[in-house]
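To start, the structure itself, in structure tokens.
The values are calculated or read from the model by the stated rules, or taken from the named source; none is laboratory data. From a predicted model like this one, the values you see are computed outputs, not experimental measurements. For neighbour counting, all protein chains shown are included, and Cβ atoms are generated from backbone atoms with ideal geometry for every residue, glycine included. Note: areas computed on protein heavy atoms with side chains; ligands, DNA, RNA excluded. Shrake-Rupley method; radii C 1.70, N 1.55, O 1.52, S 1.80 Å.
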Amino acid sequence: MENIIELIKQPWHWSIAGILIGLTVPILLILGNKKFGISSSLRHICAAAIPANIPFFQYDWKKQSWNLFFVVGVLLGGWIAVTFLQNPNEIIIAEKTKQALEAYGITDFSRLLPSEIFSWQSLTSLRGWIFMALGGFMVGFGTRWAGGCTSGHAIMGLSSLQIPSLLATICFMIGGFLGTHLLLPLFL
Amino acid sequence: MSNLKYTLVGIFFGIVFVKAEIISWFRIQEMFRLHSFHMYGVIGTAVVVGALSVWLIKRRNATSLEGEKISIPNKEFRYGQIFGGLLFGLGWAITGACPGPLYAQIGSGFSVIVLTLLFAILGTWSYGALREKLPK
């Protein structure tokens, strides 16, 4: 049993993660005919908390509250993973990526996010606000405009062979490449 | 409280996110710098497993445990998939997170990501407010 726990504590192979994430699609369909999608939770939060007479937020969000129960679970799962199943070793990052980031002064590779950017202290700099606030705004605006995110379009949409989701996924990737190679050098 | 089962699925999902390091800003950097296969492997495998599952469900005309016939509505082409998709991609590269990982990052102790989540909510809200003025 201890061996199993030790094994689980190691970082999981991409194929294991891929299979488990892929299985979320049929699990949600079979449990309650629910379509896997996470960014909708952001819309439900708006509809529940700050609808402000905006037509886009006038709907019965309670009927889709399963989505909010789901994301609370994702948050709890994150806590369980680091509390009980934490990998004792440093995250192993591709050497080339490490070098590229070191050139920008990012040298703390001990956690899942670089502490130089993602910490309360970094909110004293413009850089911190760009990465956390502006970045978050773009994620929230972009996913809703696109009608879904990596889960709704790239996984659920592609799994059900939807061409609009393929288009969205391609644009996510183009945006990501542009962001990494054009925006990040400006912000870092 | 029948919705609590979705919290359980979410917990399972959040654990996978952390253990496979999908919530790591570094993994997203590797992906967009083409320095690692990891994220491509995760998403690719997930799509194959998801597609096989959907195919089986459709073939067997399956119903959900609640007795509802499982149906997957078709999505329509919209300009938002292009403009919104590009915008989200830019944000993904900066934050290193799509919406799912944001929740898991907060859970795994990065309390400052609450701010990113609040701004993501504000972004969604702003889209809702501007929706009529944007290309659909």
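Observations on the model:
- Shown is the FRET efficiency for residue A:174 and residue A:126, computed with R0 = 22 Å from the Cβ-Cβ distance and rounded to the nearest 0.05: 0.25.
- Listed by chain and number, the aspartates and glutamates whose alpha-carbon sits under 19 Å from that of residue A:35, ignoring those within fewer than 8 places in the same chain, are A:60, B:66, B:68, B:76.
- Largest-first ellipsoid semi-axes for segment A:1-89, taking √(5λ) over the Cα gyration tensor eigenvalues, angstrom: 34, 16, 10
- With a Förster radius of 56 Å applied to the C-beta separation of residue A:53 and residue A:6, the computed FRET efficiency comes to 0.55.
- Between segment B:8-57 and segment A:103-150, the alpha-carbon center distance in angstrom: 20
- Pair residue B:66, residue A:107: separation of 7 Å Cα→Cβ label points (nm): 5.4
- Sum of side-chain charges, residue B:75 neighbourhood, beta-carbon under 15 Å (Lys, Arg +1; Asp, Glu -1): +3
- Rounded to the nearest 20 debye, dipole of chain A from Cβ charges on Lys, Arg, Asp, Glu: 660
- Heavy atoms of chains B and A lose about 10700 Å² of accessible surface on contact, summed over both sides with a 1.4 Å probe.
- Relative frequency of Cα-Cα separations exceeding 12 Å in segment A:131-188, percent: 68
- Proximity of backbone amide H atoms, modeled 1.01 Å from N, is registered between residue B:63 and B:70 at under 5 Å, excluding neighbours fewer than 5 places apart on the same chain.
- Karplus-based coupling profile of segment A:71-82, in residue order and whole Hz: 6, 4, x, 4, 4, 4, x, x, 5, 4, 5, 7, with θ = phi - 60° in 6.51 cos²θ - 1.76 cosθ + 1.60 and x standing for Gly or Pro.
- Counting, for every residue in A:115-127, the Cβ atoms of other protein chains within 10 Å of its Cβ and taking the mean gives 2.
- With all protein chains modelled, accessible area of residue B:127 [1.4 Å, Å²]: 10
- The reciprocal of the average 1/r between distinct C-alpha atoms defines the Kirkwood hydrodynamic radius, which for the protein assembly as shown equals 19.6 Å.
- Pairs from the table (B:19/B:58; A:63/B:136; A:96/B:75) lying more than 29 angstrom apart at Cα are B:19/B:58; A:96/B:75.
- The helix-based estimate of mean residue ellipticity at 222 nm for chain A, built from -39,500 (n - 2.57) per DSSP H run of four or more residues and divided by its residue count, is -16000 deg cm²/dmol to the nearest 500.
- Legend: calculated FRET efficiency, residue B:59 to residue A:163, from the Cβ-Cβ distance at R0 = 22 Å, rounded to 0.05, equals 0.60.
- Magnitude of the charge dipole, segment A:1-89, Cβ model with Lys/Arg +1 and Asp/Glu -1, debye to 20: 380
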